[in-house]
Amino acid sequence: MPTKARRFAPVLSPASAGLRTVLATALAAFCAALPAWGQAPQLAPQTQQYVKYAQPLLAITHVRLIDGNGTAAKENQTVLLRDGVIEAVGKHVRVPKDATVIDGSGHTLIPGLVGMHDHMFYPAPKVNPEAKEAVYPEQASSFPKLYLAGGVTTIRTTGSTEPYTDLELKKAIDAGKIPGPKMHTTGPYLEGKGSFTPQMHELMDAADATDTVNYWIGEGATSFKAYMHITRSELSAAIAAAHAKHIKVTGHLCTIGFTEAADLGIDDLEHGLPVDTEFTPGKQTDICPDTKLAVAHLATMSVDDPQIQQLIRYLVSKHVAVTSTLPVFETFVPGRASVDQRVLDAMLPETRVEYLKSRDHVANTPDSPWVKVFKLEEDFEHAFVRQGGTLLSGLDPTGYGGVIAGYGDQHEVELLVEAGFTPLEAIQIATMNGARFMGEDKVIGSIETGKAADLVLINGNPAKNIKDIENVELVFKDGVSYDPAKLVTAANGTVGLR
Ligand SMILES: [Zn+2]
């Protein structure tokens, strides 16, 4: 995907309509002469069947606009899309005669979501009770469709169990062969000794970390994620190799605390406090403590704890981002996450049975520390942003299941609002923040003239009622609008298998 937005003519005042027509004609000629970067490639029939509008000139009229920059929603706007790019936004945009008009009355337009912890894999159902190994098959068929249907137009895969599949999926999506979001592919997990799944390579040492990072950069990875048992020397080597190629490193850590990781130069920390072990009593250098103990200890802390306040200040001063993944943690809180029929419909029957069984088990766990730890994480994320921190958002479709591509991304935004953010702030975290972190903010992340037409048309008003974010009617990627209902139908009944 090209990285530069082509700029269109500056916005003119309504008084200069004559001049504007001349410019528009000149612009049209210019557009015809050059392939627009935002324009979708020739879509294969396999992709076309999910498309509702692919006209090169579209106007969405009378729509409420939430631009992704955190500014107040604007009523009665017109958004003009030409060749995959947002050509004009405003109340007085003239709609050209040859434009296909979509009446946006009663609807809200938001930028496409930028999912920053959006794996392409999902836990496999055990089926046979003897099959105990943790295995996470790639959902190469269902997840690209469900991300797009949910309004997620860009993802960072944030750790891969099948990095080559992720890279091939990206190529197929970019070429228009299959429908799906724009992908920023993360390399394989950078895990140390102690991996809990055979799908992760265990690094031997720092040299192995350097080689692994360099190899996968060569294959097309554009970010890396360190995992629980990585040592400080391995992480240090991985960061040095990645940064030498201007590539960022994030981590779901355990052996290394957040403060230590910030000192080593990490760019982002996944999940937040529930995986920060630095406060765990008796924590030893380069050793992952018992995670149950770590969580139990966190349940005794509050966000006002001077140690947590110190950590927030330190991360902010070091410009280390935090990625919120509230949906996966919510599933650990007894009886908390409501059962979403859309999620059940997406699942393979065996996956559905197992998810509901595990959910029941969690619901009947007395004195779970997760009640407090979930609230602590919400408070932490809110305080972190209030003190100047960069919060990113994702869903993390792991745990015991129930967190599914697209639906989980929508729920993450709802949970950010529960954590204390306004709906406009939550949408900004889920769009512009991710775009800026990845250096893509000139192209995606907000609804502005000259940016890619990656948009979500929502029935209702999420600025008032954030749950309306689930009412996705159309998803635009590079100006091509997809029908979420068709994408969902094609994915239903398969999550857990493919
Ligand atoms: Zn994850």
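The values are calculated or read from the model by the stated rules, or taken from the named source; none is laboratory data. None of these values were measured; they are calculated from a predicted model. Here Cβ is always computed from backbone atoms with ideal geometry, including for glycine, and neighbour counts include all displayed protein chains. Quick note on the areas: whole protein, heavy atoms, side chains included, nothing else; ligands and nucleic acids left out. Shrake-Rupley method; radii C 1.70, N 1.55, O 1.52, S 1.80 Å.
Restricting attention to segment 274-286 and to residues that are more than 16 Å from the ligand (Cβ to nearest atom) and within 21 Å of residue 306 (Cα to Cα), the residue that is nearest to the chain's Cα centre (by Cα) turns out to be 277.
Test residue 413 against the stated conditions and say whether it is among the hydrophobic types (A, V, I, L, M, F, W, C) and assigned by TED's automatic domain parsing to the domain that holds residue 84. In short, no.
Restrict the check to segment 124-138 and report whether at least one residue is within 15 Å of the ligand (Cβ to nearest atom), closer than 28 Å to residue 439 by Cα and of a type outside the set (Asp, Glu). Scanning segment 124-138, I find no residue that is within 15 Å of the ligand (Cβ to nearest atom), closer than 28 Å to residue 439 by Cα and of a type outside the set (Asp, Glu), so the answer is no. If you go through segment 211-266 and keep only what is within 16 Å of the ligand (Cβ to nearest atom), within 24 Å of residue 310 (Cβ to Cβ) and open to solvent by 20 Å² or more (accessible area, probe 1.4 Å), you end up with 228, 252. Against the numbered list (1) on the phi < 0 side of the Ramachandran plot; (2) within 28 Å of the chain's Cα centre (by Cα); (3) surrounded by fewer than 20 Cβ atoms within 10 Å (Cβ to Cβ), residue 290 comes up short only at (2).
Being open to solvent by less than 30 Å² (accessible area, probe 1.4 Å), over 23 Å from residue 156 (Cβ atoms), outside any loop (DSSP other than H, G, I, E, B) and away from the ligand (no atom under 16 Å from the Cβ) is a condition met by at least one residue of segment 297-307.
Against the test of being under 17 Å from the mean Cα position of the chain (by Cα), open to solvent by 40 Å² or more (accessible area, probe 1.4 Å) and either hydrophobic (A, V, I, L, M, F, W, C) or under 27 Å from residue 318 (Cα atoms) (or both), the options 431, 422, 390 yield a single qualifying residue, 390. Against the test of being surrounded by 20 or more Cβ atoms within 10 Å (Cβ to Cβ) and under 26 Å from residue 43 (Cα atoms), the options 495, 403, 413 yield a single qualifying residue, 495.
Of the numbered criteria (1) open to solvent by 10 Å² or more (accessible area, probe 1.4 Å); (2) touching a strand residue (DSSP E or B) at 6+ places or on another chain (Cβ under 6 Å); (3) within 16 Å of the ligand (Cβ to nearest atom), the one residue 159 fails is (1). Open to solvent by less than 40 Å² (accessible area, probe 1.4 Å), within 16 Å of the ligand (Cβ to nearest atom) and out of contact with any helix residue (DSSP H, G or I) (no Cβ under 7 Å at 6 or more places or on another chain) - does that describe any residue in segment 341-358? No, because not a single residue in segment 341-358 is open to solvent by less than 40 Å² (accessible area, probe 1.4 Å), within 16 Å of the ligand (Cβ to nearest atom) and out of contact with any helix residue (DSSP H, G or I) (no Cβ under 7 Å at 6 or more places or on another chain). Determine which member of the set 78, 71 is open to solvent by 10 Å² or more (accessible area, probe 1.4 Å), closer than 21 Å to residue 458 by Cα, outside any strand (DSSP E or B) and out of contact with any Asp or Glu (no Cβ under 6 Å at 6 or more places or on another chain). Residue meeting the stated conditions: 71. I'd like to know if segment 316-325 contains one or more residues that are exposed (fewer than 15 other Cβ atoms within 10 Å of the Cβ) and modelled with pLDDT under 95. No, that holds for no residue.
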